[in-house]
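Below: one structure, written as structure tokens.
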Amino acid sequence: MSCWIDISQPVNNQLAHWPGDQPFHYHTALTKEMTGSVNIGRITTSAHVGTHTDAPYHFLDDGKKILDLEVDRYIGPCKVIDIGSFAAINEEALKSKITQPTERLLIRTSLPNNPERFPDDVPPITADGAAYMRSIGVHLVGVDTPSVDPVSSKDMIGHHSLFANDIYILENVMLDHVDEGDYELIALPLPLQDADGSLVRAVIKPINGGNRDAEST
């Protein structure tokens, strides 16, 4: 029996999307009855619905695109922490849960996992939070929110601060059913050559039980 845990949002026609952006839509354009052999589906979607990763091109005109990114950032050991008692993902919040080195960090916030409802606002990642992550070796951060910045943000401090600290961004992971602790992560983006983002299928597997104290190594 597999011990991998799916932390991806289900991708369906009810999936919430960023206000004003292209929603996800799937339909069977050609049926087996029509073709005589197979069903063929078609999708239309933004690159930023569901569980997805952002490329720097999302917020920098000269930034790297999805296919330019290091694929190994999305595979390997990670740590899950819960900072739901804090209003922002800042240095104080992070220090309360983790001081030991880790390359990949998945963060559960106070926002309930509800793929069919787009939140009014989210706990943002702050500049000092991004700098602290870099100080403990983080190269990829995943959050259970649709953005690392406030929904109304135009200066995108979270995105730019993470970029400045060489930290990749994974958004909309589902962590409500996951214990804090150590896991193996696979969250590969599609090989989209010119894209600013990509949907991913994110899964984790417990390491040494997975639900140990998040501060342990």
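Derivation of every value follows stated rules applied to the coordinates shown; laboratory data play no part. Predicted model only: the values in this text are computed from it and were never measured.
Tell me which residues come under 5 Å, amide H to amide H, from residue 138 once H is placed; ignore anything under 5 positions away on its chain.
So residue 138 has HN proximity to 102.
Roughly what % antiparallel, to the nearest 5, for the DSSP beta bridges in region 1-115?
Around 55 percent of the beta bridges assigned by DSSP in region 1-115 are antiparallel ones.
Quick query: amide H of residue 201 versus all other amide H atoms, modeled in the peptide plane; which residues come in under 5 Å with a sequence gap of 5 or more or a different chain?
Result for residue 201 returns 188.
Compute the Cα gyration tensor for region 106-217, then decide on rounded, prolate or oblate, letting a ≥ b ≥ c be the square roots of its eigenvalues: rounded whenever a/c is under 1.5, prolate when a/b is larger than b/c in the other cases, and oblate in all that remain.
rounded
Springs between alpha-carbon pairs under 10 angstrom, Gaussian network model over the chain: which of 182, 155, 166 fluctuates most?
Most flexible of the set in this elastic network: 155.
Residue by residue through region 21-28, which ³J(HN,Hα) values in whole Hz follow from phi under the Karplus form 6.51 cos²θ - 1.76 cosθ + 1.60 (θ = phi - 60°), with glycine and proline marked x?
8, 6, x, 6, 8, 10, 8, 7
Sequence-distant or interchain residues sharing an amide H contact under 5 Å with residue 16, placed H: which?
116, 117
Compare 170, 67, 140 in a GNM of the chain, Cα atoms joined below 10 Å, and give the one with the largest fluctuation.
Highest fluctuation of the listed residues: 67.
Quick one: grab the alpha carbon gyration tensor of region 80-138, order the square roots of its eigenvalues as a ≥ b ≥ c, and give me rounded if a/c is under 1.5, else prolate or oblate depending on whether a/b is larger than b/c.
prolate
At each listed q (0.08, 0.15, 0.16, 0.18 Å⁻¹), what is the log10 of I(q)/I(0) that the Debye formula gives for the chain modelled as equal alpha-carbon point scatterers?
-0.28, -0.94, -1.06, -1.34
Could you run the Karplus curve 6.51 cos²θ - 1.76 cosθ + 1.60 with θ = phi - 60° over region 51-65 and give me ³J(HN,Hα) per residue in whole Hz, x for Gly and Pro?
Karplus values, whole Hz, x for Gly and Pro: 6, 8, 10, 9, 8, x, 4, 4, 10, 9, 4, 9, x, 5, 9.
Looking only at Cα atoms, what is the convex hull volume of region 19-86 per residue, in Å³?
In region 19-86, the Cα convex hull volume per residue is 222 Å³.
Would you mind telling me the antiparallel percentage of the DSSP bridges in the chain, rounded to 5?
Counting DSSP beta bridges with both partners in the chain, the antiparallel share is about 70 percent.
Can you run phi through the Karplus equation (6.51, -1.76, 1.60; θ = phi - 60°) for region 104-118 and list ³J(HN,Hα) in whole Hz, with x for Gly and Pro?
10, 10, 10, 10, 8, 10, 7, 6, x, 6, 9, x, 8, 10, 7
Straight-line reach from residue 205: which lysines have Cα under 22 Å away, leaving out those fewer than 8 places along the same chain?
Leaving aside lysines fewer than 8 places away in the same chain, those within reach of residue 205 are 79, 97.
GNM, the chain, Cα, under 10 Å: largest mean-square fluctuation among 203, 122, 38?
Judging by the Gaussian network model, the answer is 38.
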